[in-house]
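Here is the structure we will look at, set down as structure tokens.
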Amino acid sequence: MVQNVIFDTDPGQDDAVAILTALASRELAVLGIVTVAGNIPLAATTRNALKLVELAGRTDVGVYAGADRPLSRTLVTAEHVHGESGLDGPELPAPSTPPRAQHGVDFLIETVRAHPEGTIRIMALGPLTNVALAIAKAPDIAARLKDIVLMGGAYFEVGNITPTAEFNIYVDPEAARIVFASGAKITVLPLDVTHRMISTPARIDAFAALSNRAGEAVAAMLRFSEAFDRRKYGWDGAPLHDPCVTAYVLAPEIFEGRSVNVEIETGSSLTRGMTVADYWGVTDRPKNAIWIRSGDADAFFSLLADRIGRLP
Ligand code: RIB
Ligand code: CA
């Protein structure tokens with residue numbers, strides 16, 4: 001059964017690997033890619049998404065620009081990790097494909113309403129601004145969605161942009177609060193699991209060894225973006241975050257997690273954007289998310305390489 005998915009993303013090298021893996025997977029119908037300001041400003045995330053559909057030979061998939069800033073906060077970006085273009089590493093040609101004219105938030109709403117209930121999955125790889133705006137504008141879509149599978153948050157692994165917050169949630173905590181309170185079915189791929197998916201040199205070489213354009217581009221992306229994290233964590237490579245979302249949609253069996261309550265800190269300047277996950281059930285707060293804590297890293301990277309190898 002082909003799964004209908006919509007990306008909401010701020011590419012970003014790791015977003016790129018997640019998107020390319022999905023575009024190569026026959027099990028997924030990527031109905032559209034909505035871009036959001038996050039790793040770099042909106043114009044750059046949109047330009048990068050267009051580069052990716054061209055790299056994959058999938059210009060049939062529309063790219064829709066969404067929000068250019070968080071709901072209420074000043075935009076925080078991450079060029080220090082992803083480079084000025086947000087997709088530093090490979091030399092990819094400027095895109096010739098234009099973005100679609102429709103605003104990304106309206107595309108999300110229209111597409112969810114146009115499909116049967118329970119058949120659309122949102123794969124969120126960046127700040128949740130667009131998803132929150134869509135839910136605020138059309139509350140009915142929360143129950144219409146099959147689910148939202150998102151990369152974001154941290155509990156056992158604490159923060160990566162502050163000591164307590166993961167970047168996607170930190171950039172727009174108010175948006176995250178709206179999404180987690182919406183009643184939509186949510187699965188979270190937090191740093192707890194993405195920090196186990198380490199792009200070691202051997203795993204990056206496996207992408208280069210595919211000897212196709214996409215594999216070489218992925219290897220160049222990961223070699224660039226891992227430089228910062230390798231210094232930061234001192235590991236034998238960088239954690240590969242966003243492709244955990246695509247891998248979960250394709251092969252949930254390689255991951256483990258549990259249903260928990262997740263609340264988002266928006267009031268404190270010290271802990272802004274913290275995902276307070278009640279993993280041990282010490283409160284009676286309603287369970288509003290599946291929290292993925294671990295996964296099989298070898299199976300994960302094998303899946304990614306298998307799919308990237310199918311691209312031009
Ligand atoms: O914290 C990791 C997340 O922030 C990833 O989605 C990465 O692309 C950045 O957006
Ligand atoms: Ca991202």
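Assorted remarks:
- Segments 254-266, 188-200 sorted - mean Cβ within 10 Å per residue, highest first: 188-200, 254-266
- With Cα atoms as the point set, the radius of gyration and Dmax of segment 167-259 evaluate to 15.5, 45 Å.
- Share of alpha-carbon pairs per 5 Å distance bin for segment 39-115, given as whole %: 3, 15, 21, 22, 20, 13, 6, 1
- Rg in Å to one decimal, and Dmax rounded to a whole Å, for segment 267-312 via C-alpha atoms: 17.9, 51
- Label-to-label distance for ALA208 and ALA227 is 1.5 nm, based on points extended 7 Å past Cα in the beta-carbon direction.
- Counting only Cα atoms, the size of segment 186-312 along its three principal axes is 52, 31, 21 Å, in decreasing order.
- When the convex hull of its Cα atoms is projected in every direction, mean area for segment 136-215 (nm²): 7.7
- Percent of Cα pairs exceeding the 15 Å cut-off, where the set is segment 119-180: 49
- Compactness of the chain, expressed as Rg and Dmax over alpha-carbon positions, Å: 17.6, 53
- Calculated P(r) of segment 93-239 - Cα pairs past 26 Å, %: 42
- Calculated SAXS-style log₁₀ I(q)/I(0) at q = 0.24, 0.27 Å⁻¹ - segment 204-252, Debye, Cα scatterers: -0.95, -0.99
- Highest average first, the peptides 156-163, 238-245, 276-283 ordered by how many other beta carbon atoms sit within 10 Å of their residues are 238-245, 156-163, 276-283.
FYI, it's all coordinate maths here, none of it is from the lab. Keep in mind it's a predicted model, so treat the numbers as computed, not measured. When we count neighbours, we look across all protein chains shown, and the Cβ atoms used for this are built from the backbone with ideal geometry, even at glycine.
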